[in-house]
1. What do you get for the angle between helix 10-29 and the principal long axis of the chain? Use alpha-carbon atoms, 0 to 90 degrees, nearest ten.
2. Tell me the angle of helix 60-69 to the major Cα principal axis of the chain, expressed in degrees between 0 and 90 and rounded to the nearest ten.
3. Over the chain, what is the mean sequence separation of C-alpha contacts under 8 Å (at least six apart), divided by residue count, expressed as relative contact order in percent?
4. Say we join alpha carbon atoms closer than 10 Å with springs in a Gaussian network model of the chain; which of Leu65, Leu32, Leu77 then has the biggest fluctuation?
5. Taking all protein chains as present, what is the carbon and sulfur share of the accessible area of region 18-98, in % to the nearest whole number, probe 1.4 Å?
6. If the cut-off is 23 Å between C-alpha atoms, which lysines fall inside it for Lys84, apart from same-chain ones fewer than 8 positions away?
7. Given the alpha-carbon gyration tensor of the chain, what are the semi-axes of its equivalent ellipsoid in whole angstrom, ordered largest first, with each equal to the square root of 5 times an eigenvalue?
8. Determine how large the accessible area of Ile60 is when every protein chain is in place; take a 1.4 Å probe and give Å² rounded to the nearest 10.
Amino acid sequence: MTKKKIIILPKTRKILVEMGDNIKLARLRRRLSMEQVAERANISRPTLVAIEKGSPTVSIGSYLLVLQILGLEKDLLLIAKDDKLGRKLQDAQISTNVRAPKRKNL
């Protein structure tokens, strides 16, 4: 069975690279070595290198394990929290009644 090639758009690639850089900076600020973080996260050192480079082939679970070690796991809760476009699309599809409901005659 052949692996599917992952196609990442340049804009998305930049986001991944920036995220990897941010993770690396967080690790360095905490003065943790790659070996320490990899061991605590129960991942290999090459996987941590790939995470810090923003590799799209690393599972999001591995990213989360590293973020947990750095105490940043709650940052993932901010993803799509303020979905302005989604709310606008939802509001555009809300239908309103054109006329009031019929009254019963007594």
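The values are calculated or read from the model by the stated rules, or taken from the named source; none is laboratory data. Since we're looking at a predicted model, the values are computed, not measured. Every residue, glycine as well, gets a Cβ built from its backbone with ideal geometry; the counts of neighbours run over all protein chains shown. Accessible surface areas use protein heavy atoms only, side chains included; no ligands, DNA or RNA. Shrake-Rupley method; radii C 1.70, N 1.55, O 1.52, S 1.80 Å.
1. Taking the Cα atoms of the chain, the angle to 10-29 is about 60 degrees.
2. For helix 60-69, the angle is close to 70 degrees.
3. Relative contact order comes out at 26 percent.
4. Leu77
5. Taking all protein chains in place, region 18-98 shows 53 percent carbon and sulfur surface.
6. Answer for Lys84, where 23 Å is the Cα cut-off: Lys11, Lys14, Lys74, listed by chain and number.
7. Numbers: eigenvalues 415, 65, 34 Å².
That gives 46, 18, 13 Å for the three semi-axes.
8. Approximately 130 Å² of Ile60 is accessible to the 1.4 Å probe.
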